[in-house]
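Notes follow the structure.
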Amino acid sequence: SQELEQSPQSLIVQEGKNLTINCTSSKTLYGLYWYKQKYGEGLIFLMMLQKGGEEKSHEKITAKLDEKKQQSSLHITASQPSHAGTYLCGAVGANNLFFGTGTRLTVIP
Amino acid sequence: KAGVTQTPRYLIKTRGQQVTLSCSPISGHRSVSWYQQTPGQGLQFLFEYFSETQRNKGNFPGRFSGRQFSNSRSEMNVSTLELGDSALYLCASSWGTGGNEQYFGPGTRLTVT
């Protein structure tokens with residue numbers, strides 16, 4: 001079965017710093033989603049990547065899909081406390097979406 | 001447009017009891033998926049309903065069941081609750097099936113004592 005591994009598992013950064021979160025798949029990625037989750041709450045859709053080499057941006061968050069490497073990266077520029085939370089990548093599998101284990105981001109003001 | 005709503009938001013049950021959780025999808029969405037999230041296992045897919053039919057099912061025991069009504073609202077039921085069923089249960093709605101762009105509700109926090 002396909003698995004998604006996220007790295008790092010947790011990240012603590014100073015406000016204003018840039019950061020990158022990676023999501024690596026054990027099999028070919030045919031589509032990848034990025035979600036953000038505040039503790040104990042639902043997931044907030046960030047963006048969806050469907051094609052190799054695709055790159056999307058939303059405000060200060062940019063995500064890329066490297067099909068050959070079976071990997072996606074999420075980059076946050078000039079982090080803010082509002083960026084804090086857990087970031088989850090999800091991919092389309094045989095049965096609906098399956099998710100990585102998440103990266104917990106803490107932004108220190 | 002209203003988002004996905006889930007009720008109740010919090011629930012405390014005793015081992016052996018059963019529980020029913022409700023999910024109302026975004027208007028116009030016909031697919032509802034259910035997920036279980038725990039610290040140990042992360043986010044795991046339970047099942048998906050589309051047009052009142054179960055389309056996909058994850059690897060969970062038969063104690064977990066669901067259904068969808070003609071207005072796309074969905075319920076999931078867990079019978080004979082176990083301590084390990086304590087989790088955040090999330091539902092997500094989408095226009096189509098099979099991992100289509102999904103929008104999640106706030107979740108129901110179930111605690112089994």
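FYI, it's all coordinate maths here, none of it is from the lab. Predicted model only: the values in this text are computed from it and were never measured. Heads up, the Cβs are rebuilt from the backbone with ideal geometry, glycines too, and the neighbour counts pull from every protein chain shown.
Observations on the structure shown:
- Dipole magnitude of chain B about its Cα centre (Cβ charges: Lys, Arg +1; Asp, Glu -1), debye to nearest 20: 160 debye
- Distance between the modelled labels on B:Ser27 and A:His75, one decimal in nanometres: 4.0 nm (7 Å Cα→Cβ projection).
- Taking region B:58-100 and dividing mean pair separation by its residue count, relative contact order in percent (alpha carbons under 8 Å, at least six apart): 26 percent
- Formal net charge of residues neighbouring B:Ser31 (Cβ-Cβ distance under 13 Å; K, R +1; D, E -1): 0
- Inter-label distance for A:Glu15 and A:Ser57, nm, one decimal - labels placed 7 Å from Cα along Cα-to-Cβ: 2.3 nm
- Calculated FRET efficiency for the pair A:Tyr39/B:Gln18, C-beta based, R₀ 22 Å, to 0.05: 0.20
- Model label sites at A:Ser26 and B:Phe69, defined 7 Å from Cα along the beta-carbon direction, differ in position by 4.0 nm.
- Note on chain A: with charges restricted to the Cβ of Lys and Arg (+1) and Asp and Glu (-1), its dipole about the Cα centre is near 60 debye.
- Proximal charge balance of A:Glu41 [Cβ under 11 Å; K/R count +1, D/E count -1]: +4
- Dipole axis of region B:23-106 (+1 Lys, Arg; -1 Asp, Glu on Cβ), positive-most option in B:Ser72, B:Gly105, B:Phe60: B:Ser72
- Inverse mean reciprocal Cα-Cα distance (Kirkwood Rh) of region B:15-113, Å: 13.4 Å
- Given charges at Cβ of Lys, Arg, Asp, Glu: the protein assembly as shown dipole, positive-most of B:Gly40, A:Gln70, B:Gly84: B:Gly84
- Look at the alpha carbon pairs under 8 Å that are at least 6 residues apart: their mean separation over the length of region A:22-109 gives a relative contact order of 29 percent.
- In chain A, inverting the average of 1/r over every pair of distinct C-alpha atoms gives 13.8 Å as the Kirkwood radius.
- Taking every residue in A:35-42 and counting other chain Cβ atoms within 10 Å of its Cβ, the average works out to 5.
- For region A:30-94 versus region B:35-113, the gap between their alpha-carbon centres in whole angstrom: 22 Å
- Chain B, relative contact order [Cα under 8 Å, separation at least 6], %: 36 percent
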